[in-house]
Amino acid sequence: MNMTENQLRKEIGFTVAVSLVIGTVIGSGVFMKPGIVITSAGGSTMALWAWVLGGIITLAGGLTVAEISSQIPKTGGLYVYLEEVYGKVWGFLSGWVQAIVYGPAIIAALGLYFGMLFVNLFGMSEQWQMWVGLGAVVFLGTVNSIGTKYGGWVQTISTIGKLIPIALIIIFGLWKGNNNVLGIASGVTNVEISMGAAILATLFAYDGWMLVGFVAGEMKNPEKMLPRAIITGLSVVTAIYLLVNVAMLHVLPADKIVGLGPNAAGTAASTLFGSIGGKLISVGILVSIFGCLNGKILTFPRVVYAMAERGQLPASRLLSSVHPNFGTPFYATASQIILAIVMMIISNPDRLSDIAIFAVYLFYIQTFFAVFILRKRNSGIKRVYSVPLYPIIPIVAIIGSGFVVVSTIIDKPFDSLIAIGIAVIGLPVFWLLERRS
């Protein structure tokens, strides 16, 4: 049974929309990346600046895309924006990269991070990391296939649940910590310092802000709700990330955070609250990653669904099918889960996250520039929402994203080539599908 976009059930309200922004952004990154950011930046002061700059780039991008999304309130997000503004080829390539690389790689990385911390918390053998991660991915894929509202419930509950341990780390870390926060070296001498790499790591932590646009077609009032959800969610996230990092540096020295890696947040919690309290906070961190993973699985398949509706993917008829009982893009969801499982088996979460963020920012830059095109194209038409401080905010988003992309090409040329190569492979796929149609 096929169902057009207008037939998708409009079940997402403002609370779920904001929780999608916060929930899909605050996940593993704020807990898994502090050590990497400090290492890349060379010390605590520049690491905090990396988090600030990452937040500024993200907020500028969110404010810019809010105007675009209010003018193009359709399910599919980035893919649909680029298609509407630049034409079918660029829309297809962005959707292709999201469907083949970005979405599955992010889901896979989050699943692996979840398994890693779960096994560490409960003292299990490392061989269980993969299986726990796979179990989480498959479980949430099933939940979101049953119905959007069930995934929305998981999202809202997990967002509230994750904010509690984050608030405790911030409050008690700032109160009880006594370490110097600024001017502390990373203690790592064999790594080249790169602010580009540091900001790239923070952008994984900030990633997810655009995903709420993927479900615009299932929102009750997307023209007004979508911009409000993006702005509200990102403002909260930026403040939280900076405070979490300051609190952790107040409790643990920068070099110790680097050495502990993914376990730094749990160690900081144990220092503040004792062994039992530390474990409870670690459970909260797992809830945070679980909620983030749920948000990705809820939203990523909408890209596949939107492309398949237009016949722009192999097996489009199947991928555009909506389940007759659940009203969800069942097969589109399954495709993302299958690709994620393959990536979990063949790669590691840090590399997957870097490739995914680089790949999507290639198209984010185009999206930010699209606001200038739409302003000119729709001149004289009243806008529901306008990006503040235009054109400064869009320019900040473009320059900041361009800096990260260029830095990544310089610092990680092979991974960059993989992402670009997969995008280029999309061209013959597009032409073949166009000829068949």
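The values are calculated or read from the model by the stated rules, or taken from the named source; none is laboratory data. As the structure is a prediction and not an experimental result, all values here were calculated from the model. Accessible surface is based on the protein model in full, side chains and every heavy atom, while ligands, DNA and RNA are left aside. Shrake-Rupley method; radii C 1.70, N 1.55, O 1.52, S 1.80 Å.
Structure values in brief
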| item | result |
| --- | --- |
| Isotropic mean projected area of the C-alpha convex hull, the chain (nm²) | 19.6 |
| Sulfur and carbon atoms: percent of accessible area, the stretch 332-412 [1.4 Å] | 72 |
| Mean accessible surface per residue for the chain, computed with a 1.4 Å probe while every protein chain stays in place, in Å² | 39 |
| Global form of the stretch 29-118, assessed from the alpha-carbon gyration tensor, a/c cut-off 1.5 | oblate |
| Portion, in percent, of the accessible area of the stretch 1-143 that falls on carbon or sulfur, probe 1.4 Å | 65 |
| Candidate residues Thr299, Thr15, Thr39: accessible-area rank, largest first, probe 1.4 Å | Thr15, Thr39, Thr299 |
| Distance from the stretch 323-378 to the stretch 17-86 (C-alpha centre basis), Å | 13 |
| Which of Val16, Val138 is most accessible, then next, and so on - probe 1.4 Å | Val138, Val16 |
| Surface share of carbon and sulfur [accessible, 1.4 angstrom probe, percent] for the stretch 256-320 | 66 |
| DSSP H segments from the chain that extend 18 Å or more along their own axis, Cα-based, with Kyte-Doolittle mean of 0.5 or above | 44-71, 103-121, 129-146, 148-176, 222-251, 264-299, 330-346, 349-377, 392-411, 413-436 |
| Too-long pairs where the Cα-Cα distance tops 18 Å, listed order kept, from Lys162/Lys220; Lys162/Lys279; Lys88/Lys220 | Lys162/Lys220; Lys88/Lys220 |
| Most to least accessible of Ser275, Ser194 (protein chains only, probe 1.4 Å) | Ser275, Ser194 |
